[in-house]
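The values are calculated or read from the model by the stated rules, or taken from the named source; none is laboratory data. All values derive from a computational prediction rather than experimental measurement. Heads up, the Cβs are rebuilt from the backbone with ideal geometry, glycines too, and the neighbour counts pull from every protein chain shown.
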Amino acid sequence: MVILRRRIVKSFTLLFLVFLLSCGSNGLTTREKKAELYYSHGTSKLLDKEYTLALDNLLQANDLKPGDSKINNNLGMTYYFKKQYAQAEHHLQQAIDIDPKNSDARNNLASLYYHLKKFKQAEKVYLGILRNLIYKHQYRIHYNLALLKLKFKDRGAAHKHLLQAVKIKNDYCPGHILLGQLEKNSKNFEKALKHFEDALKGTCYNIPQSHYLKALTLIELEEYEKANDTLEQLKIKFYTSPYSKLAGDRMLEIAHKSRPDKKSWANLLPSQKKLLRELERESEFEKAYKASKF
């Protein structure tokens, strides 16, 4: 869903938005109630990634209640996940034609264009959504526009969109992560660190990538003990994640970079001495270090 010497534009994938809507059933006819049941069941299956069952139910909902924007939106997304992109585009456009104010459908259509590498079309749709000032997911639109600007190699515009995204929603994890990446690649390590720390607040704390990026930035700032502490927490909390192995590799790198001579040994903190002793006891220390390339 990335670090060091890789182009940022390849490091992040588009935040593809699947907006699934519900509706009430008061005052509906029998036919409309059946459509509602099929729609609700199809939406549930779509969320569960059971796309064939989702398609079956949503098609029946569409037969019972043709011309419904919400049903067409979810049909479009079901076809997208089944890789039937022409059908996906058709139903998403239908959803917009039926209800021009359906910004969720517009967002999904723009994301489909992005996936199909129709970047100019995607940008046009995203910019149109920004004109809907009451749309509650504007921060995500700015994030996706930032990804497009990176495709166009316009880092300045991407940076502005990301700043706007986190201004609208300060705890928006992807926005802070990508801002941190931009700052880190520009060697603005203090600013990068601030964004990676912001990307660890609240529920964002459960994203291992943010911990890892924070540690890498601390290494660039030569704050090795803080970096080691961050990596150690990452290894413990996310021990099943691929980042756990990478954290171990980086801890070896820290020990190698900060290995002291006899004169400076006395100035080390107890935790640094302990770490170095433990690593030196590992018979595969040098082999592991040389193999750790990321």
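Out of all the residues in the range 137-155, is one or more small (Gly, Ala, Ser), in a helix (DSSP H, G or I), assigned by TED's automatic domain parsing to the domain that holds Gln181 and at pLDDT 95 or above? Among the residues of the range 137-155, at least one is small (Gly, Ala, Ser), in a helix (DSSP H, G or I), assigned by TED's automatic domain parsing to the domain that holds Gln181 and at pLDDT 95 or above, which makes the answer yes.
Leu200 meets each of the listed conditions (1) touching a Cys at 6+ places or on another chain (Cβ under 6 Å); (2) closer than 18 Å to Lys226 by Cα; (3) not basic (Lys, Arg) apart from (1).
Going through (1) surrounded by fewer than 16 Cβ atoms within 10 Å (Cβ to Cβ); (2) assigned to a loop (DSSP other than H, G, I, E, B) one by one, Ala86 falls short only on (2). Inspect all residues belonging to the range 199-211 and state whether any of them is crowded, with 22+ Cβ neighbours inside 10 Å, more than 15 Å from His176 (Cβ to Cβ) and either of a type in the set (Gly, Ala, Ser) or at pLDDT 95 or above (or both). Looking for residues that are crowded, with 22+ Cβ neighbours inside 10 Å, more than 15 Å from His176 (Cβ to Cβ) and either of a type in the set (Gly, Ala, Ser) or at pLDDT 95 or above (or both), one finds none in the range 199-211, hence no.
When the test is whether a residue is modelled with pLDDT of 95 or more and more than 30 Å from Lys117 (Cα to Cα), Thr217 passes it.
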